[in-house]
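The values are calculated or read from the model by the stated rules, or taken from the named source; none is laboratory data. Values in this document were obtained by computation on a predicted structure and should not be read as measured data. Every residue, glycine among them, receives a Cβ derived from its backbone with ideal geometry; neighbour counts consider all protein chains shown. What goes into the accessible areas is simple: the full protein's heavy atoms, side chains included, and nothing from ligands, DNA or RNA. Shrake-Rupley method; radii C 1.70, N 1.55, O 1.52, S 1.80 Å.
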Amino acid sequence: MTRSAATAVAFDPTVYPVTDDMAESLFQKLVILMLLPLVRRWLHERGVKALVGANQFIYGEQFNPKGSSAAPDLYVLPGLDPDTEVTCWKVWETGLAPSFALEVVSRDIKKDYEQGPERYNSLRARELIIFDRDYAESDHRVRWQVWRRTKNRGLVQIEHTNDDRVFSKELGCWLRAVGDGVNERVRIATGVHGDELIPTAEEREAAERHARLAAEQARLAAERAREDERRLRLAAEDELTRLREELERLKRAR
């Protein structure tokens, strides 16, 4: 928890770990490395003030670090400065709970399928989306789960699907599984059906370079066209002058 975000609480000797001994898989890491900056830029460009973080403990209940904690693969804390430094987040100190959390299913299926929703409910998260790349390995697994908080029932599952995309109400965009095998990633998309992928920084830079190159090529082509037009005009003027001179010569010859 950062000093700037913390408020005064009663003395609490409880240890709230900021790390655990469970390393994330390479796939989880690669998914978040792509998705986190996309979500951060998406919210910023829409004027949404929020901290977007990953793989840090969030605790929902004081004195109960084991029973009310989760370490989302990606999370959003609304209203915070995007540059806020967080080691772990204690919901009771500010009353601020995650508006969004994403879990990428790991080898511990029970943790993500059974314990996850319960823990995020205790955190008072508004939306939890669970993505399972290996959903096809079992009939009991599913590619996407969407959980949202209701007024009277807490966090409830409102959608589960094997489609390649689901809509996040809290983010205001779609989450899409893109690519195959080891190259599969989670991207954000817009449009009525989520058909328009938000470009990564690299893709945007490549598109801008392509646009600049195309603009320069168009400028050079326009210059060449103007030069060709000038040469043709001069040639026509020279030919007209020659014809006039020839006509005068013929007149004098008569």
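Quick test for you: out of T161, T200, pick the one residue that is more than 27 Å from F57 (Cβ to Cβ) and crowded, with 16+ Cβ neighbours inside 10 Å. Reasoning before the result, please.
Details: T161 fails: crowded, with 16+ Cβ neighbours inside 10 Å.
The conditions single out T200.
Quick grid of which residues meet (1) basic (K, R); (2) surrounded by 13 or more Cβ atoms within 10 Å (Cβ to Cβ):
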residue	(1), (2)
W147	no, yes
R185	yes, yes
A189	no, yes
V192	no, no
Notebook entry, point to check: Given the conditions (1) open to solvent by 10 Å² or more (accessible area, probe 1.4 Å); (2) in contact (Cβ under 8 Å) with a residue 40 or more places away in the chain; (3) closer than 30 Å to G179 by Cβ; (4) not acidic (D, E), and given that F100 satisfies all but one, which numbered condition is not satisfied?
Noted result: (1)
Next item on the list: Residue by residue through region 122-132, note down the ones that are touching a Lys or Arg at 6+ places or on another chain (Cβ under 8 Å) and open to solvent by 10 Å² or more (accessible area, probe 1.4 Å).
Entry: R124, R126
Check: Looking at region 57-80, is at least one residue open to solvent by less than 80 Å² (accessible area, probe 1.4 Å), in a helix (DSSP H, G or I), touching a strand residue (DSSP E or B) at 6+ places or on another chain (Cβ under 6 Å) and at pLDDT 95 or above?
Finding: no
Checklist line | In region 229-242, the residues that are of a type outside the set (A, V, I, L, M) and under 55 Å from the mean Cα position of the chain (by Cα) | finding: E229, R230, R231, R233
Check: Can you find even one residue in region 215-228 that is within 25 Å of V52 (Cα to Cα), open to solvent by 80 Å² or more (accessible area, probe 1.4 Å) and within 37 Å of the chain's Cα centre (by Cα)?
Finding: no
Checklist line | Number of the exception - I32 against (1) in a loop (DSSP other than H, G, I, E, B); (2) touching a residue at least 12 places away in the same chain (Cβ under 8 Å) | finding: (1)
Checklist line | Unmet criterion (only one of (1) closer than 30 Å to E137 by Cα; (2) surrounded by 10 or more Cβ atoms within 10 Å (Cβ to Cβ); (3) at pLDDT below 95) for E248 | finding: (1)
Note to self: Step by step: first the residues of region 23-69, then only those that are touching a Leu at 6+ places or on another chain (Cβ under 6 Å) and small (G, A, S), then the one that is nearest to Y120 (Cα to Cα). Which residue is that?
What the structure shows: G60
